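What follows draws every value from the coordinates through simple rules; no lab data is involved. Here the structure is a predicted model, which is why all the values come from computation and not from measurement. Reconstructed Cβ throughout: ideal geometry from the backbone, glycine too, with neighbour counts over all protein chains shown.
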Amino acid sequence: MPPKKGSFYKKIDCGSNSGYQRHYRLKEPSCDPCRKAASKHTRNYFLKNKDKIKNNPAYKAKRLRMKVRRYARKRGNKTEPYSFEQVLEKYGTVCYLCNVEIDMDAPRNCTGDNWEMGLHIDHVIDLQYGGADSLENVRPTHAYCNIHKSKIKPSSR
């Protein structure tokens, strides 16, 4: 693919991860060789750094926040940056749904012993119903309470 005139990225060839990034920066569709090269690059990175990534809770939390923010933006909802520490500082460690203390040592995912009492950060007004992804719309909950809250229809809340 010939480079755009005056493009800063004109020395980057297609068929590489850099070529894929060039397509992205120029807001153009990427070609098959660039997509394959980017996929291979990402796969190799995760294979080389598996232990560092797998055992890093900060990395997992960061990825989760990025996923939630992307979901909110796609739906046109307001997003503001916040951290788990800010949520706990503002609202404490008591579940806002059942008013019982949250076990901060329990696993946050739904595996292991005592996962039901683990910390989840819940959107009071769900993103799918137009709620904002901001500090004002999130509260700490138990994993069990959060999962069962999602089964209740919004009209009955």
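Worth a mention:
- Under 12 Å, Cβ to Cβ, from Leu127 - net charge with Lys/Arg +1 and Asp/Glu -1: +4
- Förster-model FRET efficiency, 41 Å R0, Lys74 and Glu101, C-beta, rounded to 0.05: 0.70
- Between the residues Ser134, Ile102, Leu47, the greatest Cα displacement towards the positive end of the dipole of the stretch 33-141, with unit charges on the Cβ of Lys, Arg, Asp and Glu, is found for Leu47.
- Contour excess over end-to-end distance, with Cα ends at Asn49 and Arg65 and 0.36 nm allotted per residue: 3.7 nm
- Each of Ser39, Ser16 has some number of other Cβ atoms within 10 Å of its Cβ, and from fewest to most they run Ser39, Ser16.
- With the highest mean first, a sort of the peptides 43-52, 100-109 on other beta-carbon atoms found within 10 angstrom per residue produces 100-109, 43-52.
- Per residue convex hull volume, Cα atoms of the stretch 14-157, in Å³: 153
- For the stretch 79-156, the mean projected area of the C-alpha convex hull, equal to one quarter of the hull surface, is 5.3 nm².
- Helix-only mean residue ellipticity at 222 nm for the chain, each DSSP H run of n ≥ 4 adding -39500 (n - 2.57), per residue, nearest 500: -12000 deg cm²/dmol
- Using the Cβ of Asn114 as centre and a radius below 9 Å, the other residues enclosed give a net charge of -4, where K and R count +1 and D and E count -1.
- Summed residue charge, Cβ within 14 Å of Lys48's Cβ, Lys/Arg positive, Asp/Glu negative: +4
- Taken about its Cα centre, the chain carries a charge dipole of roughly 1400 debye when the Cβ of each Lys and Arg holds +1 and the Cβ of each Asp and Glu holds -1.
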